[in-house]
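Undergrad: Dropping a structure here in structure tokens format, bear with me for questions.
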Amino acid sequence: MRLQLYFAALFVCGAVVAAGQSPEKAIIGYIYSPNRPLVPSDVAAEKLTHINYAFGNIKDGLMVEGYAADAENYRTLNNLKGRNPNLKILVSVGGWTWSGGFSDMALTPQSRKRFIESAVAFLERHRLDGLDVDWEYPGQKGLNNTNRPEDKVN
């Protein structure tokens, strides 16, 4: 049911854009803070529309935290909404270092469903607004990544 609601919301957003309404300008900042707690005053939350926090990981086909300080950092980022109520917080999963699990995750409808369910639970647990998929690179080696010719299709 949750997945259907998310896909319905995506459809509505796409319909608004397709109807000719121009989307508002997005100013996106990326934050990478491996194993280090974020300092709220270091983030110019008032100047941003979105923050992509790097990186979540994929382990055994499931979305998981990338670093030990991530849960604390998600709380810190959500608290920035006190300074900017319209701020959207997203997590980027993968990246150059952690794209190794994508090929296996995307291989079958069942493995994709398992990942999607874990990603939705991850977003809900950390009160995040969205997911940025940073698969580097489908069908190519990357950094120690499993890869298959069918990755792009999957």
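The values are calculated or read from the model by the stated rules, or taken from the named source; none is laboratory data. Remember, it's a predicted structure, so these values are computed and weren't measured experimentally. Glycine gets a Cβ as well: all are built from the backbone with ideal geometry, and neighbour counts include every protein chain shown. The protein model used for the area step is the full one, side chains on, heavy atoms only, and it has no ligands, DNA or RNA in it. Shrake-Rupley method; radii C 1.70, N 1.55, O 1.52, S 1.80 Å.
Undergrad: Select from the stretch 105-154 the residues that are touching a strand residue (DSSP E or B) at 6+ places or on another chain (Cβ under 6 Å) and more than 30 Å from Pro85 (Cβ to Cβ) and write down the one among them that is most open to solvent (accessible area, probe 1.4 Å).
TA: Selected residue: Trp135.
Undergrad: Continuing with the same structure: Here are the criteria: (1) touching a helix residue (DSSP H, G or I) at 6+ places or on another chain (Cβ under 6 Å); (2) without any contact (Cβ under 8 Å) to a residue 24 or more places away in the chain. Tell me which single one Leu38 does not satisfy.
TA: (2)
Undergrad: Please determine, by comparing only the residues of the stretch 68-88 that are more than 17 Å from the chain's Cα centre (by Cα) and of a type in the set (Lys, Arg), which one is nearest to Asp151 (Cα to Cα).
TA: Lys81
Undergrad: Report yes if Ala68 is aliphatic (A, V, I, L, M) and either surrounded by 15 or more Cβ atoms within 10 Å (Cβ to Cβ) or in contact with a Lys or Arg (Cβ under 8 Å, 6 or more places away or on another chain) (or both), otherwise no.
TA: Against the criterion (aliphatic (A, V, I, L, M) and either surrounded by 15 or more Cβ atoms within 10 Å (Cβ to Cβ) or in contact with a Lys or Arg (Cβ under 8 Å, 6 or more places away or on another chain) (or both)), Ala68 does not qualify.
Undergrad: Confirm whether Val91 is under 30 Å from Asn147 (Cα atoms) and either crowded, with 19+ Cβ neighbours inside 10 Å or at pLDDT below 95 (or both).
TA: Taking the combined requirement at face value, the residue satisfies it.
Undergrad: Okay, next question. Just one of the numbered conditions (1) within 18 Å of the chain's Cα centre (by Cα); (2) farther than 14 Å from Ile58 by Cβ is not true of Lys141; which one?
TA: (1)
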